[in-house]
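Have a look at the structure below before the remarks.
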Amino acid sequence: MSDLTLTTHESPDTITLILSGEIDLSSRDTLEAATRVTPPAGAPLCLDMSEVTFMDSSGLNFLLILRRRLAEHGSRLVLSGIQQGPMRVLTLTGADAILLPPGQRVPLPAPRHTPAP
């Protein structure tokens, strides 16, 4: 079982959720409940992921569904502070192209070539 804590900061034009811990199947219900808030049309829902230490495929799926749901209500999802582990999930799956603006994307390192024996 993973631990995820959330802190919410609201201002007139944005809602920011500061996440700390792991985003996986066991934290999905917590995230779902916290993100049911819908910002005003055009205003973003920001997820500060600077303290997220792990994210698996269920966390990635959640982010993609959240992005779509917000877009349907005229809002958008903004991710910030993404650490190496979660960024690797986004990059390996190509979801970085959907969830991140071009300036935040991190190229994958070149594959290592192992000489044949």
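The values are calculated or read from the model by the stated rules, or taken from the named source; none is laboratory data. On a predicted model such as this, the values are computed, not experimentally measured, just so you know. So basically every Cβ, Gly included, is an ideal-geometry build from the backbone, and we count neighbours across all protein chains shown.
What the table shows:
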{"quantity": "Residue list for segment 23-68, filter: in a strand (DSSP E or B) and surrounded by 20 or more Cβ atoms within 10 Å (Cβ to Cβ)", "calculated": "23, 45, 47, 49, 52, 55"}
{"quantity": "Count of segment 1-22 residues which are over 18 Å from residue 41 (Cα atoms) and assigned to a strand (DSSP E or B)", "calculated": "10"}
{"quantity": "Residue pairs meeting the criteria (Cβ under 8 Å; at least 6 apart or on separate chains; first on the phi < 0 side of the Ramachandran plot, in segment 51-66; second among the acidic types (Asp, Glu) and assigned to a helix (DSSP H, G or I))", "calculated": "62/32"}
{"quantity": "Checklist (1) hydroxyl-bearing (Ser, Thr, Tyr); (2) surrounded by fewer than 16 Cβ atoms within 10 Å (Cβ to Cβ); (3) at pLDDT 90 or above applied to residue 14, failing item", "calculated": "(3)"}
{"quantity": "Selection from segment 53-80 of residues that are within 19 Å of residue 14 (Cβ to Cβ) and either of a type in the set (Val, Ile, Thr) or in contact with an Asp or Glu (Cβ under 7 Å, 6 or more places away or on another chain) (or both)", "calculated": "78, 80"}
{"quantity": "Of all residues in segment 69-78 being surrounded by 15 or more Cβ atoms within 10 Å (Cβ to Cβ) and out of contact with any helix residue (DSSP H, G or I) (no Cβ under 6 Å at 6 or more places or on another chain), the one that is farthest from residue 27 (Cα to Cα)", "calculated": "75"}
